[in-house]
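Okay, structure first, notes after.
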Amino acid sequence: MEDGNHSQATTLHIWQFEEYGITALVYYSIVLPVGLFVNITALWVFSCTTKKRTTVTVYMMNVALLDLMFLLFVPFRIIYYAKQSWDFGDVFCRIMGAITVFYPSVTLWLLAFISADRYMAIVQPKHIKELKNISKAMAACFGIWIMTIVTTTPLLFVYNDPDKDYNFTTCFKLFDVIHFKQNKILNYARLIFFFLIPLLIMIGCYTIIIYSLISGRTSRLKPKAKKKSIRIIVTLIMQVLVCFVPFHVCFLLTMIREQEKYYLSLVKVCTFLMNLSTCLDVILYYIVSKQFQARVISVIWYRNYLRSVRRKSMRSGSIRSLSNINSEMM
């Protein structure tokens, strides 16, 4: 009976693989170039062009680095859906499945660190010096990376492997988090520590920040600083709600409900949304960093920038050379 249920579930997996193959191929073909451009640019801006680094800069560098690490595995997803066959072996498939869980775990904690940083800057300005203590920020990021790696490693040794019946020519572990059900204690601990706790930290920080802004306790802040803080809060809330909450809710449902087949389609959609975070981070980069705004926008609109400078130069009666303009942009 158990073998029959497993065979039926595997057949359902095959049907859904064919159903979502083209969608996944198109989706990841868009996410990959956009995500690479956004995060390589962000990592360059935060690491090479930002003179005064703060704790937020450290967190942003980690977000960009994490996104790039995840995106390096996306080409294998594209090849998989293009060929409709997994040619990279079971071990690498297990690594890909573990990355699916590893990525949101680290990202949520990084977003929680950014939220706590904004809380310190707005509600507790007397501790403003802590925002320049990048060594503590680096230690916190390093700790989360190591802890997530340790708790994700057991996923590489799951026994209930949905790809076994097909001689590992499939890689359902990319989407299928159901085969992680056997180690429920570890999964529940992971949900609490890597989802619920950072989510509560963000909610607590945002609640206090919004209350302080409304009640006028942040009167020392300039209007521009208040607007920037509100934009960061809204961006983080939307990103968490769209990209990470659905994925973890699906993860929880697949562990507590027996009729798991009804959640397979939902899990795939939620995984798509979670991966979208690699592109949506550009909004956060743009709000936080003036260097990112100036340099990225000037690169994207390079020709318009040159035209506007030429017009201003002609009006002022002093036309600068093209080489000076290029050196100014650098």
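Assorted remarks:
- Segment 117-139 - residue that is of a type in the set (A, V, I, L, M) and modelled with pLDDT under 90 and, of those, farthest from residue 24 (Cα to Cα): 128
- Residue within segment 12-30 that is in a helix (DSSP H, G or I), closer than 18 Å to residue 110 by Cβ and at pLDDT 85 or above present: no
- Residue 147 vs. criteria open to solvent by 60 Å² or more (accessible area, probe 1.4 Å) and at pLDDT 80 or above: yes
- Residue under evaluation residue 46, criteria (1) buried (at least 21 other Cβ atoms within 10 Å of the Cβ); (2) under 18 Å from residue 276 (Cα atoms), criterion not met: (2)
- Taken as a whole, the condition of being assigned to a loop (DSSP other than H, G, I, E, B) and either modelled with pLDDT under 90 or at negative phi (or both) does not apply to residue 67.
- Filtered by the rule that a residue be open to solvent by 10 Å² or more (accessible area, probe 1.4 Å), touching a residue at least 40 places away in the same chain (Cβ under 8 Å) and more than 25 Å from residue 121 (Cα to Cα), segment 49-75 gives a lone residue, 75.
- As a summary of the residue check, residue 164 satisfies the conditions (1) open to solvent by 80 Å² or more (accessible area, probe 1.4 Å); (2) at pLDDT 75 or above except for the one numbered (2).
- Flag for residue 95 being at pLDDT 80 or above and closer than 21 Å to residue 279 by Cα: no
The values are calculated or read from the model by the stated rules, or taken from the named source; none is laboratory data. All of these numbers come straight from a predicted model, not from anything done at the bench. When we count neighbours, we look across all protein chains shown, and the Cβ atoms used for this are built from the backbone with ideal geometry, even at glycine. SASA here: full protein model, heavy atoms, side chains in, ligands and nucleic acids out. Shrake-Rupley method; radii C 1.70, N 1.55, O 1.52, S 1.80 Å.
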